[in-house]
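Okay, so here's the structure we're looking at.
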Amino acid sequence: MRIDIHAERCIGSGVCALIAPELFDQRDDDGVVVLLDPDPAPEQQENAYEAATRCPASVIEIHEEG
Amino acid sequence: MTSVMGNHAEELPSLPLPDEQRCPFAPPPEYERLRADHPVIRVTCPTGVRAWLVSRYADVREVLGDPRRFSNRPGTAAHILLGFSGAEPVGEGEFPRMDGGEHLRFRRHMAPEMSNMKRIGQLRPLVQAIVDQRLDAVAAVEPPVDFYAQFARPVTTAVIAELLGVPEGDRGLFQKAAEALFTGALTAAEVGEAMRPLFEYLYATVMTRRANPGEDVISRMIVRSDGTERPFTDAELVRMSAAMLLAGYDTTASMISHGLLALLEHPQELDRLRADPGLAATAAEELVRYLGVGGGLLREVTEDTEIAGQPVKVGDYVVVAIQSANRDSALHPDGDHLDVSRPAGAHLGFGHGPHQCVGQQLARLELTTVLATVARRIPSLRLAVPFDDIRFKVDTAVLGPVALPVTWDKVLPAAEGGA
Ligand code: HEM
Ligand code: HEM
Ligand code: SF4
C-alpha cells in the first residue's frame, strides 16, 4: 500500500488525525495534513482506508501496490 | 402538508420536515419511500424556493463532495429561512457562502483553533472542568431540572465563550443572537437586527485584542493573520468569531439534550454506556449520525449535470437530506437502530466536502465528555415527566426537545465518579 496526499484541497478537518494519528499529523499554522508514513504497516492499513473514506475533501489517495 | 407522493402538475410536494406528530428521533417517514422510488425529486421548500431533494447516501455524498458542480453560494439554510432567497450578496467574510480558494483561506485560518487534533487534546481538561462544574451546580438544585436550559446550554456556551475569551457577563449577547437566528421564522431585516449588537461587540473586541492580544482564539487569529500573505480584515475576523459563537453552541447543546433523551428511551444502550463509559466516543458519533440535521443543506447547481441520472440545470437549487442519508441501508443495513458501540463510519452528520463542520472536533470532545461524565456521575438519571409530555422544536434544523425535565437520586462527586 502507498498513500498519496493532495494537500492543496485539505481543509484541516482533523478527521484523518483522529482516525490514524500514527499516519497523519497536522501543521500548526493552518491545520493542513502532514503524512507521517506513506507506506503503512499492515496493522495500519485498515485505518488508512477509513481515513481516505472519511476525509471530507478527497485529499487521501490509496494505491494498492506501491 | 402536501403528500410528497402527490403528483399534480402544478403543485409540487413539500420538503418533508420534522413534525411533532411523528417519531422525534427519526427522519420524516416519507424518506424511506423517497430513497426507494424517488431519490431525486422536485419539492417546494418553506420559503417557496423550489429545489431537487436528494435522499440517498451515495447521492448526498456526491453532491456535498463536489463543490465545483454544487456551490454553497445560496447559504446552508436559505431554503428554510423566511425572508431569504438565496440570492443575497455575500457579506465580507461570510465564508459559509464562499467556494474554492476563497473559502479555503478561511478554513485554514480557523483549523488551528478548532480542528487541529493536538489543540483538541489540550482543550480536554478545560471541557472536563466545565462539565464537572456545571454538574456540581445542577446537583445543588432540587430536581426536576431542565437539563437543556440548566446543563446542556450552559456547558456549550461556556466552552465556546472560554475559547473566544468572551467574559461571563457578555455571554447573554450571543445567546440572544443565536436564539433569534435558529428559530427560523424571521425576516431578513429581523435577522440583521438580531445580529447587529453581536457584530458590534465583536468588532470592539477585535480592536482591543489587536492592541493587546491574549491567549484566546480571537487574539490568536489576529496574530496569525498578521503573518500571512493576505491578512484578514477586521470584518472578516468578526465573521469568523461570530460563526464559531453562533454555529457552535445551540447545535451542540441540542445534540446533548436530544442525545440524552434518545438514550433514556433506549435503556439497553444507556445501560451499556453506564457499564462502560469508554463507549462515550462511539456513542457520541452514533448520536450525531442517528439524530442528524433536520431540514437538509442547500446547494446551487453551477453547470448542467445529473444527479443519479436526473438532469439538473445550472441555477437549480438542491437540498440534501442528511438525516435520510444517514439512515440509508447503503451506509448501514440496520441504520434505524441506535448502537452506542457502532464504529464511526462515514456518516454525514457533520456534512461532507469542504464545508464539513468547522467545529466537529470540538463538538466530538464536548459530546464525549458529557456522555462519559453523566453516565458516571448520575447513574440514576431519568425523565421527570412522561415521554409523551416532551415537546420538540419543529421550526428549525437544530432539532431536539424544547426542554428536558429530568430527575435523579444522587449526583456523585467528580472525584468519586472518577471523571
Ligand atoms: C453536534 C454539533 C454540530 C453539528 C451536528 C454540526 C453540523 C454542521 C453541518 C452539517 C455543517 C455543514 C453545513 C454545510 O455543508 O452547508 C456545519 C458547518 C459549520 N459548523 Fe457545525 N455542527 C456542530 C457543532 C459546531 C460547533 C461546535 C461549531 C463551532 C465551534 C460549528 C461551526 C460550524 C461552522 C462555522 C460551519 C460552516 C463551515 C463552512 O461553511 O465552511 N459547528 N456544521
Ligand atoms: C446544520 C445547520 C446549520 C449550520 C451548520 C449553520 C451555520 C451557520 C453559520 C456558520 C452562520 C454564521 C454565518 C456568518 O455570519 O458568516 C450562520 C448564520 C445564520 N444561521 Fe445558520 N446554520 C445552520 C442551520 C440554520 C437554521 C436551521 C437556521 C434557521 C432556521 C439558521 C439561521 C441562520 C441565520 C438567520 C444566520 C445569520 C445569517 C446572516 O448572517 O445574515 N441556520 N449559520
Ligand atoms: S481528513 Fe482530509 S481534509 Fe481533514 S485534515 Fe485530513 S486530509 Fe485534510
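Say we look at the range B:224-254 and pick out the residues that are within 14 Å of chain A (Cβ to nearest Cβ) and in a helix (DSSP H, G or I); which of these is farthest from ligand 1 (Cβ to nearest atom)?
Ranking the candidates gives B:Asp226 first.
Report yes if B:Val90 is of a type in the set (A, V, I, L, M), at pLDDT 90 or above and touching a Phe, Trp or Tyr at 6+ places or on another chain (Cβ under 7 Å), otherwise no.
It is false that B:Val90 is of a type in the set (A, V, I, L, M), at pLDDT 90 or above and touching a Phe, Trp or Tyr at 6+ places or on another chain (Cβ under 7 Å).
Name every residue in the range B:97-125 that is away from ligand 3 (no atom under 16 Å from the Cβ) and either within 12 Å of another protein chain (Cβ to nearest Cβ) or closer than 23 Å to B:Ser219 by Cβ (or both), in order of residue number.
B:Gln122, B:Leu123, B:Arg124, B:Pro125
Here's the yes/no breakdown for (1) open to solvent by 10 Å² or more (accessible area, probe 1.4 Å); (2) closer than 23 Å to B:Ser257 by Cβ:
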| residue | (1), (2) |
| --- | --- |
| B:Glu306 | yes, no |
| B:Gly309 | yes, no |
| B:Val314 | yes, no |
| B:Tyr317 | yes, no |
| B:Ser324 | no, yes |
| B:Ser329 | yes, no |
| B:Asp336 | yes, yes |
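Just checking, how many residues over the range B:74-98 are more than 18 Å from the chain's Cα centre (by Cα) and buried (at least 18 other Cβ atoms within 10 Å of the Cβ)?
5
Has the range B:351-362 got any residue that is surrounded by 22 or more Cβ atoms within 10 Å (Cβ to Cβ) and more than 14 Å from ligand 2 (Cβ to nearest atom)?
Yes; the residues of the range B:351-362 include at least one that is surrounded by 22 or more Cβ atoms within 10 Å (Cβ to Cβ) and more than 14 Å from ligand 2 (Cβ to nearest atom).
Among (1) within 14 Å of chain A (Cβ to nearest Cβ); (2) open to solvent by 20 Å² or more (accessible area, probe 1.4 Å); (3) assigned to a helix (DSSP H, G or I), there is one condition B:Gly278 misses while meeting the rest; what is its number?
(1)
Select from the range A:45-66 the residues that are open to solvent by less than 60 Å² (accessible area, probe 1.4 Å) and more than 20 Å from B:Gly65 (Cα to Cα) and write down the one among them that is farthest from the other protein chains (Cβ to nearest Cβ).
Restricting to residues being open to solvent by less than 60 Å² (accessible area, probe 1.4 Å) and more than 20 Å from B:Gly65 (Cα to Cα), the top hit is A:His63.
Return the residue satisfying two criteria in turn: it lies in the range A:30-44 and is away from chain B (no Cβ under 12 Å) and in contact with a helix residue (DSSP H, G or I) (Cβ under 9 Å, 6 or more places away or on another chain), and of such residues it is least open to solvent (accessible area, probe 1.4 Å).
Among those that are away from chain B (no Cβ under 12 Å) and in contact with a helix residue (DSSP H, G or I) (Cβ under 9 Å, 6 or more places away or on another chain), it is A:Pro40.
State the number of residues belonging to the range A:1-13 that are within 11 Å of chain B (Cβ to nearest Cβ) and either buried (at least 24 other Cβ atoms within 10 Å of the Cβ) or more than 29 Å from B:Glu102 (Cβ to Cβ) (or both).
Final tally of qualifying residues: 4.
Only residues in the range B:198-218 that are over 15 Å from B:Ala243 (Cβ atoms) count as the first member; pair them with residues that are open to solvent by 50 Å² or more (accessible area, probe 1.4 Å), Cβ under 6 angstrom, at least 6 apart or cross-chain, and list the lot.
Pairs found: B:Pro213/B:Val223.
Just to be sure, is A:Arg27 in contact with a strand residue (DSSP E or B) (Cβ under 8 Å, 6 or more places away or on another chain), within 14 Å of chain B (Cβ to nearest Cβ) and of a type in the set (D, E, K, R)?
Yes.
May I ask you to list the residues in the range B:348-372 that are within 11 Å of ligand 3 (Cβ to nearest atom), in contact with a Lys or Arg (Cβ under 9 Å, 6 or more places away or on another chain) and under 14 Å from B:Glu285 (Cβ atoms)?
If the condition is that a residue be within 11 Å of ligand 3 (Cβ to nearest atom), in contact with a Lys or Arg (Cβ under 9 Å, 6 or more places away or on another chain) and under 14 Å from B:Glu285 (Cβ atoms), then B:Gln361 is the only one that fits.
Each row is one residue, and each column tells you yes or no for (1) without any contact (Cβ under 8 Å) to a residue 40 or more places away in the chain; (2) not basic (Lys, Arg).
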site: B:Arg239; (1), (2): no, no
site: B:Ala242; (1), (2): no, yes
site: B:His266; (1), (2): no, yes
site: B:Thr282; (1), (2): no, yes
site: B:Leu287; (1), (2): no, yes
site: B:Glu306; (1), (2): yes, yes
site: B:Val340; (1), (2): no, yes
site: B:Ala344; (1), (2): no, yes
site: B:His347; (1), (2): no, yes
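List, please: which pairs have Cβ atoms under 9 Å, are six or more places apart or on different chains, and start with a residue in the range B:358-372 that is at the interface with chain A (Cβ under 10 Å from one of its Cβ atoms) and end with one that is open to solvent by 10 Å² or more (accessible area, probe 1.4 Å) and of a type in the set (Asp, Glu)?
B:Arg364/B:Glu285
Quick one: would you say A:Val15 is within 16 Å of ligand 1 (Cβ to nearest atom) and among the β-branched types (Val, Ile, Thr)?
It is true that A:Val15 is within 16 Å of ligand 1 (Cβ to nearest atom) and among the β-branched types (Val, Ile, Thr).
The values are calculated or read from the model by the stated rules, or taken from the named source; none is laboratory data. Being a predicted model, the structure only gives us computed values, none of them experimental. Note: ideal-geometry Cβ built from the backbone for every residue, glycine included; neighbour counts use all protein chains shown. For accessibility, only protein heavy atoms count, side chains too; no ligands or nucleic acids. Shrake-Rupley method; radii C 1.70, N 1.55, O 1.52, S 1.80 Å.
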